[in-house]
Amino acid sequence: MSRSKSAKGVMGELTIAAKYIKKGFYVAMAMCPHSPFDLVVVDKKGNCKLIDAKTVSIRKSGKQTGQRINRMQTKKQQEMDIEIEYVDPETLI
């Protein structure tokens, strides 16, 4: 089944959120579509981590065919110490 880019993104966010919830973290999702992060992950002591969820994409042509496309943090993400976390599209919820 072919999924839209938007649907893959939402499923990737939910997959990462579920992973952290299973480990006992609190997870909140960003409400603003222009937010530099997708998830706020909080441990039992209140330590927070901001995550930008990305679905793995593989290059289909060129010298690096078959390799993962790595996403760079934006300047704002670097300033805010936001982590990029990848999810395999084969393991999406």
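Of the residues Q67, V41, A28, the one whose Cα sits farthest towards the positive end of the charge dipole of the chain is Q67 (charges of +1 on Lys and Arg Cβ, -1 on Asp and Glu Cβ, taken about the Cα centre).
Protein-only accessible surface at a 1.4 angstrom probe places the residues K60, K23 in the order K60, K23, largest first. Using a probe of 1.4 Å, the accessible surface attributed to V56 totals some 30 Å² when neighbouring protein chains are kept in position.
Give me the number: length gained by fully extending I69 to E90, i.e. 0.36 nm times residue separation minus the C-alpha to C-alpha distance, one decimal in nm.
Taking 0.36 nm per residue and subtracting the Cα distance, the gain is 6.0 nm.
Peptide packing for 35-48, 7-20 was compared via the average number of neighbouring C-beta atoms within 10 Å per residue; ordered from the highest value, the list is 7-20, 35-48.
In debye, nearest 20, what is the charge dipole magnitude of the chain about its Cα centre with +1 on Lys and Arg Cβ and -1 on Asp and Glu Cβ, if you could check? Rounded to the nearest 20 debye, it is 300 debye. Computed from Cα atoms, the angle from the helix 5-22 axis to the main principal axis of the chain rounds to 40 degrees. Using only the C-alpha atoms, the convex hull of the chain corresponds to 117 Å³ per residue.
The values are calculated or read from the model by the stated rules, or taken from the named source; none is laboratory data. In this text the structure is predicted, and so the values were computed from the model without any measurement. Neighbour counts run over all protein chains shown; Cβ positions are idealised from the backbone, glycine included. These accessible areas exclude ligands, DNA and RNA; they are computed on the full protein's heavy atoms, side chains included. Shrake-Rupley method; radii C 1.70, N 1.55, O 1.52, S 1.80 Å.
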